[in-house]
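Bear in mind that the values in this text are calculations on the coordinates, not laboratory data. As the structure is a computational prediction, the values presented were derived from the model and not from experiment. Cβ atoms come from the backbone with ideal geometry, glycine included; neighbour counts cover every protein chain shown.
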Amino acid sequence: MGNRTLTFKIFRYNPQKPEVKPYMQEYKLEEVSGMTIFVALNKIREELDPSLMFDFVCRAAICGSCAMVINGRPTLACKTLTKDLPAKISLLPLPVFKLVGDLAVDTGTWFRDMAIKTEAWVHTTKEFDPTALEERMDNKTAQEIYEPDRCVECGCCVAGCATANIRADFLGAAGINRVARFMLDPRDERSPEEYYEVVGAEEGAFGCMGLMACDDNCPMEIPLQTQLSFVRRKMLAQGLKLKTEKVAL
């Protein structure tokens, strides 16, 4: 069986040139063994159209930069083999995030804002002693923290989320996953009340519609709905406690 001729329909729009309306541009490439969408895009840019904009850094599904909507699904270009797709392939930029141009979006600003909102750092009253030995952590706890920490901040879960597409203030699965990571960390001294202020509302743990798109689209296969359930249970318990205390007053 010979190699296929692939037809790519790629979204084109440069916000710096608003007079040129968004359109879909078609490119044809001969498929080669082991070709990924990342490889195909580089061939298009090097051989057919140097003006095509898209992001990449690592080529190994570590940086999350090459996320885009491939045939209707948010995923990583470097992890998607063309042999697993039909000969006609459509490529669109991720929704939710600010468009930089063509397939490139600004996920960095979104994730920075999310990190600030969730205060994504260990909160402790202990003073740092650079001469002290590192604190030991048991393997089970370390593995539990490592699971949500595998997030590469690609934005696929956010792009596929119905709530995130409706409301800009929603933390999304990535934000709730980040909160879960610090809830699991025994070094973090935040109280349930403090966490409730961050994630105990509709823009946090209670905004999810339960459509499972985050789980379906995560290229790292992080159990995002499990992390959401973990956070939601804790926030529900805290919410009931606060309500009980308010009634008692």
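Observations on the structure shown:
- Top positive-direction residue, dipole computed over the chain with Cβ charges, set Met35, Thr125, Gly72: Gly72
- Stretchable slack from Val247 to Arg136, in nm (0.36 nm times residue separation minus alpha-carbon distance): 35.7 nm
- Sites Gln25 and Ile166 - FRET efficiency at Förster radius 25 Å, r taken between beta-carbons, to 0.05: 0.25
- Shown for the chain: cysteine residues without a partner Cβ closer than 4.7 Å, namely Cys66, Cys78, Cys151, Cys154, Cys156, Cys161, Cys208, Cys218.
- For region 1-143, radius of gyration divided by Kirkwood radius, i.e. Rg to Rh on alpha-carbons: 1.14
- For the residue pairs Lys117/Lys234; Lys126/Lys246; Lys17/Lys117; Lys9/Lys79, alpha carbon separations beyond 23 Å are given by Lys126/Lys246; Lys17/Lys117.
- FRET efficiency, Lys9 to Leu236 (Cβ-Cβ, R0 51 Å, nearest 0.05): 0.70
- Inter-site label distance for Leu85 and Asn71 at 7 Å from Cα along Cβ, in nm: 0.8 nm
- Couplings 3J(HN,Hα) for region 48-64, derived from phi with the Karplus relation 6.51 cos²θ - 1.76 cosθ + 1.60 (θ = phi - 60°), are 10, 8, x, 7, 5, 10, 7, 10, 6, 9, 8, 6, 10, 6, 10, 8, x Hz, where x marks Gly and Pro.
- Cα convex hull of region 108-249 - mean projected area over all directions, nm²: 10.3 nm²
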